[in-house]
Amino acid sequence: MKSVEIKKNLPREYFHKICVVGGGLTGAIMTLMLKKSNLFRSDEIGWIKPKIKDFNDIRTTFFNEKSLELLRGLNLLKNLESSDYTFINKIQVFGMNSFSPLEWDYSNPKLNFGAVIKNDIILKSVIEQLKDIKHYQSLVTNTQHDDFERTLYLKDKTIIKTYLVLAADGKNSYLRKLVSIKAFQKKVNHVALSGFLQQSKNHNNTAIQAFTDLGPIGLLPFENKNIINFVQSIEENKYKQILSKTKPEQYLSDNLNSFFSDVELKFKPLQKVNQFNNKLSSWKLDLNFIVNPTAYRTILIGDAAHSIHPLAGQGFNLSLRDCSSVIKSLRNNLKFGHDLGDNSILSSYKDDRLPKTVAMTAITDFLFYGFTSKSNKTQLFLTKGMETLNKTNLKNIFRDIASV
Ligand SMILES: Cc1cc2nc3c(=O)[nH]c(=O)nc-3n(C[C@H](O)[C@H](O)[C@H](O)COP(=O)(O)OP(=O)(O)OC[C@H]3O[C@@H](n4cnc5c(N)ncnc54)[C@H](O)[C@@H]3O)c2cc1C
């Protein structure tokens with residue numbers, strides 16, 4: 001009896017050549033790409049995907065065309081029903097007022113900027129293909145390394161040894177702290193408030209970004225109806241005030257109604273979205289910038305490597321490129337017989353990702369800090385600048401950066 005108990009309490013030890021940490025969209029897609037890369041057998045890949053308490057992520061994500069191509073290549077769109085995604089063929093960006101938005105219209109010819117897809121649909125579709133990959137359902141609490149491998153210690157006492165860790169453990173990455181990767185934190189004092197509203201007109205597959213008094217708001221078309229999924233960035237103190245109101249959704253709708261009064265676009269709260277109760281969800285915006293997302297036998301990917309403001313809907317699009325870049329670096333270097341922890345793999349990933357992460361961080365910071373500036377002059381300058389930009393091809397710089 002005693003020996004059974006002792007055995008039960010002994011740490012279980014496993015080895016995988018490569019190990020992904022994080023069960024969010026980035027960790028899931030990274031694991032799938034490794035599996036499909038033909039660089040590893042399924043049992044050589046480990047996936048640490050902590051169990052989460054009943055959490056219903058009814059958020060949607062905007063995937064640009066390049067990202068959609070990538071998802072298609074991974075067979076993730078094959079079984080989607082038409083109600084699972086909404087194509088975008090027009091984007092409008094409004095400055096301080098609802099006159100002269102910056103506009104990109106692809107409705108004629110029939111091209112798309114990308115599509116909005118529900119997060120849980122993508123995640124389920126990935127997990128379906130990863131049944132043969134060993135999952136570990138506990139959090140990483142510590143790590144150590146010697147010259148040959150890195151060891152991950154999990155909360156449930158499991159020990160995993162590996163040659164390379166791909167850490168996708170989110171914007172507050174614990175792995176990042178454990179391996180002493182420096183992150184520059186940006187204090188934004190904003191919260192992202194997300195939910196669904198009903199529009200007075202059909203959305204016509206148009207995504208809208210507006211810089212309202214309350215803060216930047218993104219309106220993503222949802223299904224083929226007049227419903228939008230919004231992400232409102234809002235100062236923390238205003239957020240608390242709004243939540244204390246009996247009808248916060250009505251307050252947000254009123255704010256939008258006054259902003260869009262010139263174009264006669266109206267919004268109202270919605271009780272249910274499909275079969276779900278429409279509840280507001282909030283996300284603290286901890287933005288950070290990381291120059292070198294690598295450390296000994298460790299690579300950061302996804303929000304662990306860069307957390308940018310969601311106003312341009314590009315955070316996860318960047319993460320997908322991280323995953324492709326990891327595969328490219330592995331493929332290019334393993335053919336020379338390099339060890340998985342070799343510096344050449346880490347530096348080719350870092351060199352590939354840095355310029356793109358810098359560009360996206362710079363553009364989202366510029367828009368966020370510019371349009372939330374307390375100075376009317378700055379806001380007016382940006383709005384006028386947008387009107388001028390709209391008349392030139394220069395505006396395509398935004399579209400091109402959004403598709404890196
Ligand atoms: C409101 C909102 C709207 C957005 N809209 C868009 C959009 O339209 N388009 C877009 O491209 N991006 C968008 N983004 C950004 C996008 O959601 C994120 O970039 C993306 O979800 C990041 O995924 P991730 O897997 O890297 O991190 P996360 O989703 O945070 O996952 C982290 C994972 O790590 C696990 N973990 C944490 N700690 C540990 C540990 N110690 N050990 C092991 N595992 C651990 C967690 O359990 C979790 O599974 C939006 C963000 C917000 C907040």
Please compute one quarter of the surface area of the Cα convex hull for region 65-209 and express it in square nanometres. 13.9 nm²
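Over the chain, what is the percentage of antiparallel beta bridges among all DSSP beta bridges, to the nearest 5?
On the way: 58 of 81 bridges.
Roughly 70 percent of the DSSP beta bridges within the chain come out antiparallel.
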For Lys225, other-chain or 5+-apart residues with amide H closer than 5 Å (H placed, Pro excluded) are none
Entries in Lys124/Lys161; Lys245/Lys284; Lys225/Lys279; Lys66/Lys118; Lys78/Lys284 that, when Cα-Cα distance is taken, lie over 22 Å: Lys124/Lys161; Lys78/Lys284
What is the ratio of the Cα radius of gyration of region 208-292 to 2.2 N^0.38 Å, with N the residue count, to two decimals? 1.21
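For every other residue with a beta carbon closer than 12 angstrom to the beta carbon of Val126, add +1 if it is Lys or Arg and -1 if Asp or Glu, then tell me the sum. Let's see the in-between values first.
Working: positive: Lys35, Lys36, Lys49, Lys124, Lys131; negative: Asp120, Glu128.
Local net charge: +3.
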For region 169-178, in residue order, the Karplus 3J(HN,Hα) values (coefficients 6.51, -1.76, 1.60; θ = phi - 60°; whole Hz; Gly and Pro = x) are 9, x, 4, 9, 2, 6, 4, 4, 5, 4
To the nearest 20 debye, what is the magnitude of the charge dipole of region 154-272 about its Cα centre, counting +1 on the Cβ of each Lys and Arg and -1 on the Cβ of each Asp and Glu? 680 debye
Gyration tensor verdict on region 285-328 (Cα atoms; rounded if a/c is under 1.5, prolate if a/b is larger than b/c, oblate otherwise): oblate
At most 10 other Cβ atoms within 10 Å plus a DSSP loop assignment makes a site exposed; report the longest stretch of the chain without any exposed GluC sites (Glu not before Pro). 82-263
log₁₀ of I(q)/I(0) at q = 0.08, 0.09 Å⁻¹ - the chain, Debye sum with one point per alpha carbon: -0.46, -0.58
Mean separation of Cα contacts under 8 Å (6+ apart) over length of the chain, as relative contact order %: 19 percent
Residues whose built amide H sits under 5 Å from the amide H of Leu77, excluding neighbours closer than 5 in sequence, are none
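Which of the helices in the chain meet the span-like rule: DSSP H, Cα axial reach of 30 Å or more, Kyte-Doolittle mean at least -0.5? Each step should come with its number before you reach the end.
Values: long enough: 343-371 (41 Å, 0.11).
Flagged H segments are 343-371.
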Quick one: which residues, 5+ away or cross-chain, put their amide H under 5 Å from the amide H of Leu270? H built at 1.01 Å from N. Gln198
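Only loop residues by DSSP count here, and only those with at most 15 other Cβ atoms within 10 Å; note down the trypsin sites (Lys or Arg not before Pro) in region 136-202 that meet that. Walk me through the intermediate numbers first.
Values: sites: Arg150, Lys155, Lys157, Lys161, Lys171, Arg176, Lys177, Lys182, Lys186, Lys187, Lys201; in loops: Lys155, Lys157, Lys171, Lys182, Lys187, Lys201.
Qualifying residues, ordered by number: Lys155, Lys157, Lys182, Lys187, Lys201.
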Toward the positive end of the charge dipole of the chain, about the Cα centre and with charges on Cβ (Lys, Arg +1; Asp, Glu -1), which of Thr141, Pro293, Asn317 goes farthest? Thr141
Among His203, His306, Ile127, which residue has its Cα furthest toward the positive end of the charge dipole of the chain, with +1 on Lys/Arg Cβ and -1 on Asp/Glu Cβ? Ile127
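To the nearest 20 debye, what charge dipole does the chain have about its Cα centre, counting +1 at the Cβ of each Lys and Arg and -1 at the Cβ of each Asp and Glu? Don't skip to the answer; put the middle values down first.
Working: 56 positive and 38 negative charges, 126 e Å.
Value, rounded to 20: 600 debye.
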At 222 nm, what value in deg cm²/dmol follows for the chain if DSSP H runs of at least 4 each add -39500 (n - 2.57) and the sum is divided by all its residues, to the nearest 500? -10500 deg cm²/dmol
Derived scalar couplings ³J(HN,Hα) [region 150-163; Karplus, 6.51 cos²θ - 1.76 cosθ + 1.60; whole Hz; x for Gly, Pro]: 10, 10, 10, 9, 9, 4, 7, 6, 6, 10, 10, 9, 7, 7
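Per 0.36 nm of contour for each residue apart, how much would the distance between Asn38 and Lys78 grow if the chain were fully extended, relative to their Cα-Cα spacing?
That works out to 12.3 nm of additional length.
Values in this text are rule-based calculations from the coordinates and carry no lab data. Given the structure is predicted, the values throughout are model-derived calculations rather than measurements. No Cβ is skipped: glycine too gets one built from the backbone with ideal geometry, and neighbour counts run over all protein chains shown.
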